[in-house]
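Q: Supplied in structure tokens, the structure appears directly below.
The values are calculated or read from the model by the stated rules, or taken from the named source; none is laboratory data. For clarity, every value in this text was computed on a predicted model and none was experimentally measured. We place every Cβ from the backbone using ideal geometry, glycine too, and count neighbours over all the protein chains shown.
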Amino acid sequence: MLVSAKRMLDKAREGKYAVGQFNINNLEWTKSILLTAQELQSPVILGVSEGAGKYMAGYRTVSAMVKAMLEELNITVPVALHLDHGSYEGCYQCIKAGFSSIMFDGSHYSIEENIEKTRELVKVAHAMGLSLEAEVGSIGGEEDGVVGLGECADPQECKAIADLGIDFLAAGIGNIHGKYPENWPGLRFDVLESIKKAVGDMPLVLHGGTGIPEDMIKKAVSLGVAKINVNTECQLTFAAATRAYVEAGKDLEGKGFDPRKLLAPGAEAIKGTVKEKMELFGSVGKA
Ligand code: 13P
């Protein structure tokens, strides 16, 4: 059964570990992530960007697939199905489609408009039993068409949004979607500390989890980060494993062109990446 992400993230913040949000793109991705979470007895959040939702033939298709897969694969660990960087309209669509969690990314609005829309969506989401993530400041780079300049969040604005009763908060602290540039100065722990002081016990979300050095991940978790989003890294490992299979000519041997064979190395590689992250985030055995 799908669950809201509230309880798992409150528990993670108290226990000083983080739950991974792994973005899904198709059936293989979903299956690899769920099987790994079950094997490691870890809670997990499946992230769906608006672009990935369209690609997978709509949010209702995604929701039906995930719910059926939980049953068919006997997944018993807590799993949340979460809209990633949702627009106002996208949030309503996912609430209707049966998601268990939504992110409303109002970071490109004025803070007043972000507050108004977040206030409304919190009410609706909570009435329907979903958890809600809000965003202040912006995550640099691009996530499936959502572009951010990477400005750090203002702690007072974070407090204003947190006070609306949201469940967890994504605040820009110098993190970037996609690969980090060579000259990236690192996470702004000074900003993270001020945000934590302003919002108290609210679980914080670290987007752009791909390529952040381990010591920074651990420090961020010690400062209140309870959810870490990973997308690009699974895409890179999937692509590398698929490339190796094709370059070795395996698709030309026997029935190696069968999609179940062609996509198998990539699906296995995703399991490895998810496992590595769950171990680093400390969520193993926390189901
Ligand atoms: P990466 O693609 O950098 O891992 O970021 C994922 C993310 O933050 C999704 O919201």
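Q: Kindly provide the set of residues from the range 192-218 that are aliphatic (A, V, I, L, M), away from the ligand (no atom under 11 Å from the Cβ) and either at pLDDT below 95 or assigned to a loop (DSSP other than H, G, I, E, B) (or both), ordered by number.
A: If the condition is that a residue be aliphatic (A, V, I, L, M), away from the ligand (no atom under 11 Å from the Cβ) and either at pLDDT below 95 or assigned to a loop (DSSP other than H, G, I, E, B) (or both), then Met202 is the only one that fits.
Q: Going through the range 139-165 one residue at a time, which ones are surrounded by fewer than 24 Cβ atoms within 10 Å (Cβ to Cβ) and part of a loop (DSSP other than H, G, I, E, B)?
A: Once the filter is applied, which keeps residues that are surrounded by fewer than 24 Cβ atoms within 10 Å (Cβ to Cβ) and part of a loop (DSSP other than H, G, I, E, B), the range 139-165 yields Asp144, Gly145, Leu149, Gly150, Glu151, Cys152, Asp154, Asp163, Leu164, Gly165.
Q: Now a separate question. Assuming His108 fulfils every condition listed in (1) buried (at least 19 other Cβ atoms within 10 Å of the Cβ); (2) in a loop (DSSP other than H, G, I, E, B) apart from one, which condition is it?
A: (1)
Q: Continuing with this model, one more query. If you take just the helices (runs of 4 or more DSSP H) that sit entirely in the range 1-58, which of them hold at least 1 residues that are in contact with a Cys (Cβ under 9 Å, 6 or more places away or on another chain) and either more than 16 Å from the ligand (Cβ to nearest atom) or not small (Gly, Ala, Ser) (or both)?
A: Hits in the range 1-58: 27-40.
Q: Follow-up question, since we're still on this one. Given the conditions (1) out of contact with any Phe, Trp or Tyr (no Cβ under 8 Å at 6 or more places or on another chain); (2) surrounded by fewer than 24 Cβ atoms within 10 Å (Cβ to Cβ), report the number of the one that Lys117 does not fulfil.
A: Lys117 satisfies all of (1) out of contact with any Phe, Trp or Tyr (no Cβ under 8 Å at 6 or more places or on another chain); (2) surrounded by fewer than 24 Cβ atoms within 10 Å (Cβ to Cβ) except (1).
Q: Here is a follow-up. Within the range 69-105, restricting attention to residues that are touching a strand residue (DSSP E or B) at 6+ places or on another chain (Cβ under 6 Å) and in a loop (DSSP other than H, G, I, E, B), which residue is farthest from Met128 (Cα to Cα)?
A: For the range 69-105, the residue satisfying everything is Asp105.
Q: Okay, moving on. Quick check on the range 164-178. Is at least one of its residues more than 14 Å from the ligand (Cβ to nearest atom), touching a strand residue (DSSP E or B) at 6+ places or on another chain (Cβ under 8 Å) and under 18 Å from Asn229 (Cβ atoms)?
A: yes
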